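To start, the structure under review is shown below, and the notes come after it.
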Amino acid sequence: LLDELADCEHFDVHFVRARYGGGKTHFLRCLQSEAKSRNWATAYVLLKHGEVELDRFNTIVAEIAEKLELPDDKRGLPALLEQALVGIAKRSGFDPAGHTSLKARERAQHGVVRFAQDHGLGYQFTLALQVCMYALIERDLALFAQFANWLAGGNDPLTVEPNTLLSSPNQTKTKASRTVLKPLGLGDAEQLIRLFALLVDEAGYSGLYLAIDEIELIAGQTPRRRNNSFQTLRELVDQTDENLIPPSTCLYLAAT
């Protein structure tokens with residue numbers, strides 16, 4: 001199944017059910033190990049009461065971003081983000097180890113905008129990726145970390161001044177106004193999973209394996225929180241547009 005998904009760039013969801021002690025976690029971990037050996041990026045997320053909960057979407061995002069494991073043994077969303085953006089920039093003439101012309105910098109910025117637009121990513125995600133590309137080119141590690149943290153479910157809003165992203169002083173300044181990137185919410189779930197999958201593909205890996213365990217914690221929530229949790233699940237699972245599905249992605253949801 002993993003090989004087929006990698007080849008056809010499709011999105012697949014599986015629900016895993018067993019009693020306590022029935023081997024769900026072991027099964028998911030075995031699959032994760034197998035996926036990683038086949039050049040897949042993987043993340044195993046264990047829901048925890050008061051810490052990682054489906055109705056608090058930023059906690060899910062933060063856990064995925066932290067638990068992300070790459071086949072080259074690097075971990076976390078920043079490592080994946082850097083690899084993907086370097087790949088985009090290199091095609092524009094960017095040399096990570098040497099000098100890069102202003103023209104190549106400009107092409108790299110245009111490249112990341114095209115990447116976002118071609119895959120239906122919204123304005124907030126496009127701006128965040130632009131800033132990350134700018135920070136990568138300028139070797140501004142703090143700025144890169146700040147916006148990578150926002151993409152990883154950070155709680156603090158960030159402000160982007162579009163004119164600060166210009167790669168050359170001779171470029172025509174934009175009339176676009178300053179934009180505040182609010183923390184990611186439930187409405188961003190569908191785009192965010194697609195972004196993670198697209199970054200995995202851009203970095204040269206076969207696909208994204210994502211497992212979320214102990215879904216049964218929903219049962220102990222208040223009706224309002226339970227409804228919000230089910231809404232998160234629907235956002236993750238109901239990928240109905242064939243043109244906008246997370247490519248080469250396998251999602252496993254496990255519960256008693």
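Worth pointing out:
- The residues in the range 162-210 that are closer than 22 Å to PRO78 by Cα and either modelled with pLDDT of 80 or more or among the small types (Gly, Ala, Ser) (or both) can be counted, and the count is 29.
- For the residues LYS36, LYS24, the requirement of being buried (at least 20 other Cβ atoms within 10 Å of the Cβ) and among the charged types (D, E, K, R) singles out LYS24.
- Answer residue from the range 207-237, given it is open to solvent by 40 Å² or more (accessible area, probe 1.4 Å) and touching a helix residue (DSSP H, G or I) at 6+ places or on another chain (Cβ under 8 Å) and is nearest to ASP55 (Cα to Cα) among those: ASN228
- ARG139 meets the conditions (1) without any contact (Cβ under 8 Å) to a residue 40 or more places away in the chain; (2) at negative phi in every case but one. The failed one is (2).
- Cβ-Cβ under 8 Å pairs, at least 6 apart or on other chains, the range 83-111 side among the charged types (D, E, K, R), far side open to solvent by less than 40 Å² (accessible area, probe 1.4 Å) and at pLDDT 85 or above: ARG91/GLY111; ARG105/ILE137
- Helices (runs of 4 or more DSSP H) enclosed by the range 66-149 - at least 1 residues per element that are modelled with pLDDT of 95 or more and surrounded by fewer than 21 Cβ atoms within 10 Å (Cβ to Cβ): 77-90
Rundown of residues vs (1) touching a residue at least 12 places away in the same chain (Cβ under 8 Å); (2) part of a helix (DSSP H, G or I); (3) closer than 21 Å to SER33 by Cβ, yes/no style:
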residue: VAL180; (1), (2), (3): yes, no, no
residue: LEU195; (1), (2), (3): yes, yes, no
residue: VAL200; (1), (2), (3): yes, yes, yes
residue: ARG224; (1), (2), (3): no, yes, no
residue: GLN231; (1), (2), (3): yes, yes, no
residue: ASN243; (1), (2), (3): yes, no, no
residue: PRO247; (1), (2), (3): yes, no, no
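- Under the condition of being farther than 15 Å from ASP140 by Cβ and more than 24 Å from the chain's Cα centre (by Cα), the residues counted in the range 87-114 number 10.
- Conditions (1) under 21 Å from the mean Cα position of the chain (by Cα); (2) over 30 Å from LYS182 (Cβ atoms); (3) part of a loop (DSSP other than H, G, I, E, B): number failed by ASP55: (2)
The values are calculated or read from the model by the stated rules, or taken from the named source; none is laboratory data. The structure presented is a predicted model; accordingly, all values stated were derived computationally and were not measured. Glycine gets a Cβ as well: all are built from the backbone with ideal geometry, and neighbour counts include every protein chain shown. For accessibility, only protein heavy atoms count, side chains too; no ligands or nucleic acids. Shrake-Rupley method; radii C 1.70, N 1.55, O 1.52, S 1.80 Å.
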